[in-house]
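Q: Handing you this structure, nothing more for now.
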Amino acid sequence: MTLETERPATRAWVLHPDIRSDRDRRAAGPALEEAISLAAALPALTIIGSDIVPLPKVQPGMLFGSGKIEELRLKFKFEELELVLVDSHLSPVQQRNLEKEWGVKILDRTGLILEIFSDRARTREGVLQVEMAALSYQRTRLVRAWTHLERQRGGLGFVGGPGETQIEADRRAIDEQLVRLRRQLDKVVKTRELHRKSRAKVPFPIVALVGYTNAGKSTLFNRLTGAEVFAKDMLFATLDPTMRRVQLPSGEEVILSDTVGFISDLPTELVAAFRATLEEVLDADLIVHVRDISHEQTEEQAEDVHAILNSLGIGEESPMIEVWNKIDVLDTEEADAVQAQADRRDDLFAVSAIEGTGLDRLLAAISIKLRPNHTTEVIDLPFSAGKKRAWLFGQGIVDDETQTEDGYRLTVTWSEIQKNKFAQQ
């Protein structure tokens with residue numbers, strides 16, 4: 001039965017400004033495709049059409065030149081559009097001026113990604129982070145809530161909200177709310193920190209899946225764990241880290257973590273807000289970088305992922321393997337070429353998470369990577385170092401222990417990772 005309260009999907013158009021003067025300019029075709037995929041991630045929208053708009057340079061007040069603005073105004077009027085998504089970062093002045101000229105709601109890349117994050121966040125921490133990011137964004141502009149964009153799950157007010165009301169919070173009110181949210185987030189983060197410490201007592205290594213959004217991380221996670229994490233051919237399908245225990249073919253157990261997908265040109269507000277979401281990656285014993293090898297921009301996507309990892313302090317020396325996913329999408333010749341490359345390297349694996357191809361070899365490699373060369377050493381601990389001693393026994397790496405006048409002398413056999421973790425105790 002169809003509910004009478006359901007609203008028709010909002011008619012939207014996607015514009016990608018191809019700014020020739022931008023040194024960091026992306027290839028226009030793939031950039032537009034990604035923007036369309038972003039828009040398609042919101043169920044409230046129906047994408048009517050899209051355009052690439054070549055721009056020699058940005059016009060400060062309008063972004064586009066007057067001739068192009070008039071041309072687009074007529075097109076939008078003819079198509080009876082309600083929303084235009086501009087795949088760029090608009091200033092508040094540009095947004096207001098374009099809305100006035102075209103008579104439609106305007107949403108820039110930052111606002112769109114915030115809306116998607118709001119729609120996808122599931123945990124308390126994720127919701128708080130989205131709200132904080134949204135407030136930081138709203139601080140520079142007041143955004144109307146249009147009733148025809150209202151969704152059942154609500155929204156941030158950019159593309160949906162309850163009623164024809166306006167967001168009338170001034171900067172002081174927003175700042176006060178940000179302070180309240182930070183306090184709540186601090187409590188949530190402390191709770192998660194306790195959970196992380198309790199997990200550290202369990203001798204299970206953490207394996208973190210990372211990768212560009214829509215690379216197939218959640219599908220791979222589901223295949224390996226049997227979990228039912230939301231996995232869909234959609235950008236930002238996963239926003240909150242999900243963790244499950246997995247038994248490797250060797251019998252060892254690991255904790256597998258699925259994380260938020262990375263994306264190029266991520267809004268500054270979200271890089272800061274979602275840093276805590278990637279904490280699992282910082283603690284990981286092994287990082288598995290999942291790539292959509294069928295995507296024409298797979299190399300550029302991989303560069304974006306490495307750039308974000310580097311910004312988190314994760315460098316080339318960190319234990320990492322690369323998974324080239326979606327080989328089932330390739331034709332036979334391409335798939336054979338990819339497999340040949342993977343066969344020549346011990347840190348590269350060609351798989352199909354959908355079909356399960358190549359996963360046995362991947363799991364065996366994870367087991368080997370998590371059991372690097374072990375060294376046997378003798379360490380002395382004072383009686384006061386009870387926690388350190390308990391940690392060593394908890395890891396199951398103590399071969400022998402004798403008591404001395406000053407404390408304990410232990411013989412341990414451990415990996416470099418365990419040795420580093422012990423130094424941090």
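The values are calculated or read from the model by the stated rules, or taken from the named source; none is laboratory data. Every value quoted in this text rests on a predicted model; they were computed, and no experiment measured them. So basically every Cβ, Gly included, is an ideal-geometry build from the backbone, and we count neighbours across all protein chains shown.
Q: Of all helices (runs of 4 or more DSSP H) completely enclosed by region 200-311, which ones contain at least 3 residues that are at pLDDT 75 or above and within 29 Å of D24 (Cα to Cα)?
A: Result: 298-311.
Q: Taking A385 as the residue in question, decide whether it is of a type outside the set (F, W, Y) and under 28 Å from L220 (Cα atoms).
A: No: the conditions fail for A385.
Q: Now for a different question. For region 129-137, does any single residue satisfy the condition of being without any contact (Cβ under 8 Å) to a residue 60 or more places away in the chain, at negative phi and not hydrophobic (A, V, I, L, M, F, W, C)?
A: yes
Q: Hey, another quick one. With L410, L381 as the choices, which residue is modelled with pLDDT of 80 or more, farther than 28 Å from L248 by Cα and touching a Gly at 6+ places or on another chain (Cβ under 8 Å)?
A: L381
Q: Determine which member of the set P43, P30, P56, P60 is surrounded by 14 or more Cβ atoms within 10 Å (Cβ to Cβ) and at pLDDT below 90.
A: Answer to the check: P30.
Q: Of everything in region 384-425, what is touching a helix residue (DSSP H, G or I) at 6+ places or on another chain (Cβ under 9 Å) and more than 29 Å from I287 (Cα to Cα)? Give them in sequence order.
A: E401, G407, Y408, L410, listed by residue number.
Q: Does region 413-425 contain at least one residue that is more than 27 Å from G251 (Cα to Cα) and either touching a Cys at 6+ places or on another chain (Cβ under 6 Å) or in contact (Cβ under 8 Å) with a residue 12 or more places away in the chain (or both)?
A: The answer is yes, given that some residue of region 413-425 is more than 27 Å from G251 (Cα to Cα) and either touching a Cys at 6+ places or on another chain (Cβ under 6 Å) or in contact (Cβ under 8 Å) with a residue 12 or more places away in the chain (or both).
Q: In region 306-326, is there at least one residue being over 14 Å from the mean Cα position of the chain (by Cα), touching a residue at least 60 places away in the same chain (Cβ under 8 Å) and more than 20 Å from D346 (Cα to Cα)?
A: For region 306-326, residues over 14 Å from the mean Cα position of the chain (by Cα), touching a residue at least 60 places away in the same chain (Cβ under 8 Å) and more than 20 Å from D346 (Cα to Cα): absent.
Q: Same structure, new question: From the list A353, A340, A364, which one is assigned by TED's automatic domain parsing to the domain that holds S250 and at pLDDT below 90? Step through it out loud before you land on a result.
A: Values: A353 fails: at pLDDT below 90; A340 fails: at pLDDT below 90.
Of the residues listed, the single one that is assigned by TED's automatic domain parsing to the domain that holds S250 and at pLDDT below 90 is A364.
Q: With the condition being under 30 Å from T191 (Cβ atoms), I'd like the helices (runs of 4 or more DSSP H) fully within region 59-139 carrying at least 2 qualifying residues. Show your work before the answer.
A: On the way: elements: 66-79, 92-102, 109-120, 124-138.
Ranges flagged: 109-120, 124-138.
Q: Considering only region 356-372, I want to know if a residue exists there that is touching a helix residue (DSSP H, G or I) at 6+ places or on another chain (Cβ under 7 Å) and closer than 21 Å to N420 by Cβ.
A: Within region 356-372 (the criterion being touching a helix residue (DSSP H, G or I) at 6+ places or on another chain (Cβ under 7 Å) and closer than 21 Å to N420 by Cβ), the answer is yes, since at least one residue qualifies.
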